[in-house]
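The values are calculated or read from the model by the stated rules, or taken from the named source; none is laboratory data. Nothing here was measured: the structure is a model prediction, and the numbers come from that model. For neighbour counting, all protein chains shown are included, and Cβ atoms are generated from backbone atoms with ideal geometry for every residue, glycine included.
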Ligand SMILES: Cc1cc2nc3c(=O)[nH]c(=O)nc-3n(C[C@H](O)[C@H](O)[C@H](O)COP(=O)(O)OP(=O)(O)OC[C@H]3O[C@@H](n4cnc5c(N)ncnc54)[C@H](O)[C@@H]3O)c2cc1C
């Protein structure tokens, strides 16, 4: 079997799959439509301020993720942020995206490369990008959120198991509106820099300055609840921003100097019972991974990426 693999998506699941496959002697190429690696491990600049606007932190339960976290902590890539319910919440030093940057350093990651479709070819796969580039590989791992992965497979759906396609089609995601706000002084968000309002449209407010992501005046990330995000996903951004700023008012603490709204169309997979750690099809080798399979968190994405790589590598070694 040709030990080369194209991985679509360089978020936590794609980067984890890449690491495991390379460890097992595979040649790996990652393609991502984003400007950098990381996916929902995202950090954005607005003026002089920096915001984690996707994943805020991660927790650790599985021993394999514990081992990886210990390594990252020793390298000073991640640090504990706070402890809640007996679980440490880790943040990445310099913002969540910095962890993705560290992890992606060792790989061939082609960013700003949007895959348009994938097709079985000979014993492997042909991957065609929107710009017309074609890559061939012995195996394929898709880590884009399930609805996007399904769209990539549309052209070859008659060659794939119907069970795999129907499992993928049944997965839906909640959206999340993320409002980024700068204030002309310190915020009223209590230490260590987060609050979960009990009611209203706001689910979470983080103070990136207290968190250590930004310097100077307060830089807040305000995440809307899923139902509000769904209702206002396509609405004019001023309408959503006004309501979120009103609800976040008690924690702002000063005058708003700037804001930006980011729409996460695929924020968190809607949980629907136990799913496998990844979807897998043998001929030609295809694994579909992501947080929809391992659990709707960074740890789940890590475990799903690992499972995908293990299944592909085992197929190669049984030839
Ligand atoms: C607002 C928000 C808050 C969150 N908070 C937390 C939290 O506090 N703790 C936690 O553990 N988790 C949190 N999460 C969830 C966490 O971010 C995800 O579980 C995890 O990042 C998913 O990783 P992934 O690799 O599966 O997917 P992604 O990170 O989405 O990676 C998929 C990648 O595929 C790429 N892609 C998609 N389509 C194509 C294409 N056609 N061609 C090329 N590339 C493509 C995308 O650009 C993306 O980089 C949060 C998520 C959001 C959005």
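Just a few scattered comments:
- Of all residue pairs spaced 6 or more apart or on separate chains, those with beta-carbon atoms under 6 Å, a first member in segment 282-302 that is more than 14 Å from residue 7 (Cβ to Cβ) and free of Cβ contacts under 8 Å to residues at least 40 places away in the same chain and a second member that is more than 8 Å from the ligand (Cβ to nearest atom) and part of a loop (DSSP other than H, G, I, E, B) are 293/275; 293/277; 293/278.
- Selection count, segment 23-72, where residues are assigned to a strand (DSSP E or B), touching a helix residue (DSSP H, G or I) at 6+ places or on another chain (Cβ under 6 Å) and within 23 Å of residue 296 (Cα to Cα): 5
- Only residues that are outside any helix (DSSP H, G or I), in contact with a strand residue (DSSP E or B) (Cβ under 7 Å, 6 or more places away or on another chain) and more than 13 Å from the ligand (Cβ to nearest atom) were counted in segment 1-22, giving 4.
- For segment 188-229, the set of residues classified as at positive phi and at pLDDT below 95 consists of 216 only.
- With respect to (1) under 19 Å from the mean Cα position of the chain (by Cα); (2) surrounded by fewer than 24 Cβ atoms within 10 Å (Cβ to Cβ); (3) closer than 25 Å to residue 153 by Cβ; (4) more than 8 Å from the ligand (Cβ to nearest atom), the lone exception for residue 44 is condition (3).
- Taking every residue in segment 40-57 that is free of Cβ contacts under 8 Å to residues at least 40 places away in the same chain and pairing it with any residue that is not in a loop (DSSP other than H, G, I, E, B), at least 6 positions away or on another chain, the pairs with Cβ-Cβ distances below 7 Å are 57/81; 57/89; 57/90; 57/91.
- With a requirement of 2 or more residues that are near the ligand (Cβ under 10 Å from one of its atoms) and surrounded by fewer than 18 Cβ atoms within 10 Å (Cβ to Cβ), the strands (runs of 3 or more DSSP E) lying completely within segment 97-159 that satisfy it span 115-121.
- Residue within segment 259-276 that is farther than 22 Å from residue 146 by Cβ and in contact with a helix residue (DSSP H, G or I) (Cβ under 8 Å, 6 or more places away or on another chain) present: yes
- Any hit, segment 175-187, residues being surrounded by fewer than 18 Cβ atoms within 10 Å (Cβ to Cβ), modelled with pLDDT of 95 or more and under 25 Å from the mean Cα position of the chain (by Cα): no
- The set of residues in segment 192-222 that are free of Cβ contacts under 8 Å to residues at least 60 places away in the same chain, within 12 Å of the ligand (Cβ to nearest atom) and buried (at least 23 other Cβ atoms within 10 Å of the Cβ) contains only 222.
- For segment 168-180, the condition of being assigned to a strand (DSSP E or B) and either free of Cβ contacts under 8 Å to residues at least 40 places away in the same chain or more than 16 Å from the ligand (Cβ to nearest atom) (or both) holds for none of the residues.
- Residue in segment 255-262 that is surrounded by fewer than 22 Cβ atoms within 10 Å (Cβ to Cβ), within 15 Å of the chain's Cα centre (by Cα), in contact (Cβ under 8 Å) with a residue 60 or more places away in the chain and outside the structural domain of residue 23 (by TED's automatic domain parsing) present: yes
- Helices (runs of 4 or more DSSP H) completely within segment 220-318 that count 2 or more residues being farther than 30 Å from residue 137 by Cβ: 226-232, 237-252
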